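See structure below.
Each value in this text was obtained by applying a stated rule to the coordinates, not by laboratory testing. Just so it is clear, the model here is predicted, and its values are computed rather than measured. Neighbour counts run over all protein chains shown; Cβ positions are idealised from the backbone, glycine included.
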Amino acid sequence: MSNELFPTRTTSSNSDDAGGRVYRRQYEPAITVADFTLNRQVVQQNIARAAQRAGRNSEGVRLLAVSKTVSHDRVRNAHVAGLNQFAENKVQEAHAKAHDLADLDARWVMIGHLQTNKAKQVAEFAHEFQGLDSARIAAALDRRLQQLGRSLDVLVQVNVSGEATKSGVEPSEVEVLLGELKHCDALRVRGFMTIASHTTDEQQVRNCFRDLRDIRDQAQQTVEHPELFTELSMGMSGDYEIAIEEGSTVVRVGSALFGSRYYPA
């Protein structure tokens, strides 16, 4: 992982871990097209370096810009700067952006836990859902999608860290859920996603990503079309290089592209 993990526009102090890596925890807000262009270039350079270290082609890693809480104007500027896949975790906010920014050639991705009463809206606009964690949600989505004549790419969320605060199916329950998803014709199951442990222990983070990769590899032995079941969505602003080294095919980057988010207490 490079010592220039994030743009020089970062304002907070740095802290080095035992391996000499630098984690910058605060990022200036990106406002202009130039801001987003710089941030995108730095993130993509880091993706390329991480892929090279792992002996991989960086074209096999998809950059998903997490635009939750970001204004429509800033998302538009990010799109002009070359970002065209945006992730949201609130259905109402995502639906509004997809509608108001419909003129953009953009792909909208829902991430995280979804309530069944939100399935109708997601089925209407989303191109992908990363966060499927129950047969009940799958059935609700499938029913709505079939009514609309649509299909949807989905990733199963797995709680590999075992933390109670995180959503996702338990690793031991993955096989059962995949069996139930075979009955959902409108869902195209492409792989898995996870959120690693929130810790400064790099090895613990690495282990989370390795566990999900192992789950994906095992599942490929049982699914009907393993060549279509390849996605591993893992890695965020603080750990996406590690995730790529461990096989990630999708990194969900928010703060390093848009700037740090500040939530009310």
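What to note about this one:
- Other-chain or far-sequence residues with amide H under 5 Å of V66's (modelled H): A87, V253, G254
- Summarising the strand pairing of the chain, around 10 percent of its internal DSSP beta bridges are antiparallel.
- Amide hydrogen proximity for R107: with H placed 1.01 Å from N in the peptide plane, the residues at 5 or more positions away or on another chain lying under 5 Å are Q85, F86.
- Applying both filters, DSSP loop and at most 14 other Cβ atoms within 10 Å, to the trypsin sites (Lys or Arg not before Pro) of the range 161-233 gives K182.
- A simple spin-label model places the labels of R261 and A164 2.4 nm from each other, with each point 7 Å out along Cα-to-Cβ.
- Cross-link pairs K97/K166; K97/K120; K90/K166; K120/K182 - those with Cα-Cα distance over 23 Å: K97/K166
- Per DSSP, loop GluC sites (Glu not before Pro) in the range 108-175 with at most 15 further Cβ within 10 Å: E163
- Computed about the Cα centre, the dipole magnitude for the chain is approximately 580 debye when only Lys and Arg (+1) and Asp and Glu (-1) carry charge, each at its Cβ.
- Estimated at 0.36 nm per residue, the fully extended path between R143 and H127 surpasses their Cα-Cα distance by 4.1 nm.
- For the range 14-258, with +1 on Lys and Arg beta carbons and -1 on Asp and Glu, the positive-most of M234, A50, A140 along the dipole: A140
- Choice from G247, G55, G238 with maximal GNM fluctuation in the chain (Cα, 10 Å cutoff): G55
- Inter-label distance for H99 and V223, nm, one decimal - labels placed 7 Å from Cα along Cα-to-Cβ: 3.3
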